[in-house]
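Engineer: Next up is a structure, given as structure tokens.
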Amino acid sequence: MNTPIKESWLHKVNPALKLLILAILFVFAVTIHQLNVMIPFTLTVSILFFLCTGQPYRNLFLILIPFFLVFFSTSLSMILFGKGDTTLFKWGIIHVTEESLYRGVHLGFRALVFALMGITFVLTTKPVKLFYSLMQQLKLQPKYAYSFMAAIRLIPIMFEEFKTIRDAQKVRGLHSEKGVWSKLKRIKALPIPLLSQSIRRAFRIAVAMEAKRFNSLQERTFYYQVGFSTYDLLFISYIVSSIGLSYWLASEFPLFPVTDVRY
Amino acid sequence: MEYITSIKNLNLKFPKEEGLLFNDLSISIRKGEKVLLLGPSGCGKSTLLQVLTGLIPRSMDVPLKSESIQIPDSWGFVFQDPDSQFCMPYVDEEIAFVLENLRIPREEMTDRIKKLLTTVGLQLDNIHNKIQALSGGMKQRLALASVLALDPEVIFLDEPTALIDDDGTAQVWDTVKSIADDKTLIIVEHKIDQIIDIIDRIIVFTDDGTIMADGEPAYVFSHFKAEIKRFGIWYPNAWGEYIKEKANITYNNYSDTVLNLDNFRGYRGKVPAITLEKATVQSGEWIAVTGANGAGKSTLILSLMQLLRTTGEYKIEGRPIRSFSDLEKKTYFVFQNPEYQFLTNRVIDELTYDIRQRVSPDVMKQANDLLSLFGLKDKQNQHPYHLSLGQKRRLSVATAFLQDPKILLLDEPTFGQDSKNTFKLLELLQEESRKGTIIIMVTHDLNIIHHFATRVWEVKGGKVICDWKKDEIKREEGRMYEYTY
């Protein structure tokens, strides 16, 4: 959510359109059952992630660490315990077969591509612009859009508050006791002040918005006009051609002999 | 006579509370008047502003009945908390939000935003500036700018400076003065010194929500002085009279050194955020930590409480302190928001919380005495969250006293308190300091520095740059005014 260091064409794509296409891609990714398609598709998405998010490479690799964790944990459970006929390795309940190996790797890639698409969207879209676009292109009701924007503003404030409350309770001696019971008590003591403060703040913001003549029913003008541009066309063609390319590569240069990983 | 806003026979009651907040209240305000509403906390001043603007009952569901309510044709409202009146992350977007609501064409917005920001004296290199990066005073001026975007006849201000420091307060009131000419102002405020000169009508409420006095400032303050004082409302020269009454604020002199600091540093992340070269502190000293906003005052006391990473020598009674557990309850910290420190469901339990394993009759008696001392005896079975702000603050200080700490650290404990609560709290702290407790307190209030503190630490740019004893405070006073105001 940080402001990117440099903006690329992907930042200029209409946010509502970007969201819509990504939503379709999520569904599409679930319907891919060929590892030979999945791998090139993941590669084309990671090109967007590496070249178009505008973040320094150090940050991008840091973000990748948990993603690889997701990759391995998802694929390992399938590889080790999945069903299959051609046994590669067997030890106790661990049973690695060729089918489960392919299927596990496929699932890992699926998780990875989900994560990459999601984070690429977040890194190239400003929340404010997204909500303006949703209001203008998808006719989202202003009352929802502005409530969400106000809520996003509250997140860092809540985080600061969370640290302060923890310190304040530490001073009261909440953290000096040992044992599971006092740990539970510690967890229990946090949400009440945090929530009471947040509810109060949310209520105040709502009143302040109405005091500024916010009215969900009437027409309004917009400070940001979010429209369409050639970048949208570029984005759509990139996605369409990357899907086409993936299928073409899968049929012409298959990496693995299997076509369908389903058992 | 032309009234711009008025109420006739208002009756209002908050659900679940006993009795009416207002009983047949009538009030009318003329165009162009600059009105100040005064009254003890909880008397309904803020509620009245919300009724006059129609926010009650339109935005807030509170049952009310009245013969007539005349809401001004155009009005704007500046709220107390700078952090909870904006809904957008950037300065320009926030003002644009108001312009959008008014259906101003997009092409005109940028010019209008720039003009409004200039009017309130917010000079920003780039109007697309994060609101979070502004100081409290700047945030409240932004709030004023977005109110001015509505081009209101009447501006309502509900304690706009209660949560910001003196610098910010001065900025806000200067801005209000510069735009007030042709506007009607209706203000609720505790700290009145800086606005009293533009006010031409004061309305004083009693604690049961009836109007006690209504008139020009000079008339009100001369005829109703005793009542105003009794209700704990700040009035010009409240401090001067208090000091005259309590002619002798005395201290015991102790000679035992409790606190040793040498090359003491507190860190936020990897950078040292506060440095204190060298200091020794004796029992019973009262140190006021002062300096501009963001200089590192709170960082200093957080470091002393070991809530931040520290380096250098730090000893209490000769024992080195390197982590929070080394403190062994010898120090106690009172946070600015008292709610953060409440852990139980009853006022009395708050006091005995730490020693609950062995609540002897002795401790119980001590706790009860403290409650009487702090004026909380009749509230002992209430939930701490149900107390008023002043009571919450007193309770959070009271929890410190039962622990009997050697060093008591406080972060602006008198912030936004009425005069009665302020003096009471200071007297209780003084009592504690006479017993030998060291008090280290962040404060902007020159009156406290002058009359209660025995020593001043001035913080500037992350360093404690001055360390004055009592007799030097007076001498340096002229210079100190320079930075506090």
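Engineer: Go through segment B:339-357 and give me each residue that's more than 8 Å from every other protein chain (Cβ to nearest Cβ), out of contact with any His (no Cβ under 6 Å at 6 or more places or on another chain), in contact (Cβ under 8 Å) with a residue 24 or more places away in the chain and of a type outside the set (A, V, I, L, M).
Structural biologist: B:Thr344, B:Arg346, B:Glu350, B:Thr352
Engineer: Look at A:Glu160 and say whether it is within 7 Å of another protein chain (Cβ to nearest Cβ), within 30 Å of A:Lys129 (Cβ to Cβ) and in a helix (DSSP H, G or I). Spell out how you get there, then give the answer.
Structural biologist: On the way: within 7 Å of another protein chain (Cβ to nearest Cβ): no; within 30 Å of A:Lys129 (Cβ to Cβ): yes; in a helix (DSSP H, G or I): yes.
The answer is no for A:Glu160.
Engineer: A follow-up question, please. What number of residues within segment B:384-430 satisfy the criterion of being touching a Pro at 6+ places or on another chain (Cβ under 7 Å) and in a loop (DSSP other than H, G, I, E, B)?
Structural biologist: Total satisfying the criteria: 1.
Engineer: Could you tell me whether any residue of segment A:90-112 is of a type in the set (Ser, Thr, Tyr) and either within 30 Å of A:Pro127 (Cβ to Cβ) or in contact with an Asp or Glu (Cβ under 6 Å, 6 or more places away or on another chain) (or both)?
Structural biologist: No; the residues of segment A:90-112 include none that is of a type in the set (Ser, Thr, Tyr) and either within 30 Å of A:Pro127 (Cβ to Cβ) or in contact with an Asp or Glu (Cβ under 6 Å, 6 or more places away or on another chain) (or both).
Engineer: Kindly indicate whether A:Lys183 is in a helix (DSSP H, G or I), surrounded by fewer than 17 Cβ atoms within 10 Å (Cβ to Cβ) and within 11 Å of chain B (Cβ to nearest Cβ).
Structural biologist: no
Engineer: Can you give me the number of residues within segment B:451-485 that are at pLDDT 85 or above and under 20 Å from the mean Cα position of the chain (by Cα)?
Structural biologist: Residues meeting the conditions: 3.
Engineer: Within segment B:395-413, which residues are under 12 Å from B:Glu350 (Cα atoms) and of a type in the set (Lys, Arg)?
Structural biologist: If the condition is that a residue be under 12 Å from B:Glu350 (Cα atoms) and of a type in the set (Lys, Arg), then no residue fits.
Engineer: Being closer than 25 Å to B:Lys424 by Cβ and either of a type in the set (D, E, K, R) or more than 26 Å from the chain's Cα centre (by Cα) (or both): is that true of B:Glu216 here?
Structural biologist: Considered against the rule, which asks whether it is closer than 25 Å to B:Lys424 by Cβ and either of a type in the set (D, E, K, R) or more than 26 Å from the chain's Cα centre (by Cα) (or both), B:Glu216 comes out as no.
Engineer: Looking only at residues in segment A:207-218 that are small (Gly, Ala, Ser) and at the interface with chain B (Cβ under 7 Å from one of its Cβ atoms), which one is nearest to B:Pro89 (Cα to Cα)?
Structural biologist: Step by step, filter segment A:207-218, then rank; the result is A:Ala208.
Engineer: With the requirement that a residue be closer than 13 Å to B:Pro89 by Cβ and either charged (D, E, K, R) or touching a Gly at 6+ places or on another chain (Cβ under 9 Å) (or both), what does segment A:114-159 give you?
Structural biologist: The answer is A:Lys126, A:Lys129, A:Arg153.
Engineer: Taking the stated definitions as given, is A:Val45 exposed (fewer than 13 other Cβ atoms within 10 Å of the Cβ), part of a helix (DSSP H, G or I) and modelled with pLDDT of 90 or more?
Structural biologist: no
Engineer: Take B:Thr110 and tell me if it is of a type in the set (Ser, Thr, Tyr), surrounded by fewer than 16 Cβ atoms within 10 Å (Cβ to Cβ) and more than 9 Å from chain A (Cβ to nearest Cβ).
Structural biologist: So B:Thr110 fails the test.
Engineer: Further question: Taking the condition charged (D, E, K, R) and assigned to a loop (DSSP other than H, G, I, E, B), does B:Asp92 pass?
Structural biologist: So B:Asp92 fails the test.
Engineer: Go through (1) out of contact with any strand residue (DSSP E or B) (no Cβ under 6 Å at 6 or more places or on another chain); (2) within 30 Å of B:Asp349 (Cβ to Cβ); (3) within 8 Å of chain B (Cβ to nearest Cβ) for A:Val171 and report which single condition fails.
Structural biologist: (1)
Engineer: On to the next question. Take segment B:75-89 and flag every residue that is in a helix (DSSP H, G or I) and at the interface with chain A (Cβ under 7 Å from one of its Cβ atoms).
Structural biologist: The answer is B:Asp83, B:Ser84.
Engineer: Now a separate question. If I go through segment B:120-134 residue by residue, how many of them are away from chain A (no Cβ under 13 Å) and touching a helix residue (DSSP H, G or I) at 6+ places or on another chain (Cβ under 6 Å)?
Structural biologist: Of the residues in that region, 3 qualify.
Engineer: Looking only at segment B:102-120, which residues are among the charged types (D, E, K, R) and over 20 Å from B:Arg141 (Cβ atoms)?
Structural biologist: B:Arg103, B:Arg106, B:Glu107, B:Glu108
Engineer: Is there any pair with a first residue in segment B:1-13 that is loosely packed, with under 15 Cβ neighbours inside 10 Å and a second that is of a type outside the set (D, E, K, R) whose Cβ atoms are under 7 Å apart and which are 6 or more apart or on different chains, and what are they?
Structural biologist: Note: pairs meeting the criteria are B:Tyr3/B:Ser28; B:Tyr3/B:Ile29; B:Tyr3/B:Gln70; B:Lys8/B:Ser26; B:Lys8/B:Ser66; B:Lys8/B:Ser68; B:Asn9/B:Ser26; B:Asn9/B:Ser66.
Engineer: I need the helices (runs of 4 or more DSSP H) fully contained in segment B:125-237, keeping only those with at least 3 residues that are crowded, with 19+ Cβ neighbours inside 10 Å and in contact with a Pro (Cβ under 7 Å, 6 or more places away or on another chain).
Structural biologist: Helices (runs of 4 or more DSSP H) meeting the threshold: B:136-148.
Engineer: Can I ask one more? Quick check on this structure: which one of B:Leu370, B:Leu300, B:Leu276 is more than 14 Å from every other protein chain (Cβ to nearest Cβ), touching a Phe, Trp or Tyr at 6+ places or on another chain (Cβ under 8 Å) and closer than 13 Å to B:Leu402 by Cα?
Structural biologist: Checking each option against the conditions leaves just B:Leu370.
The values are calculated or read from the model by the stated rules, or taken from the named source; none is laboratory data. Model, not experiment: these values are computed from the prediction. Positions of Cβ are generated from backbone atoms using ideal geometry, with glycine treated the same way; all protein chains shown enter the neighbour counts.
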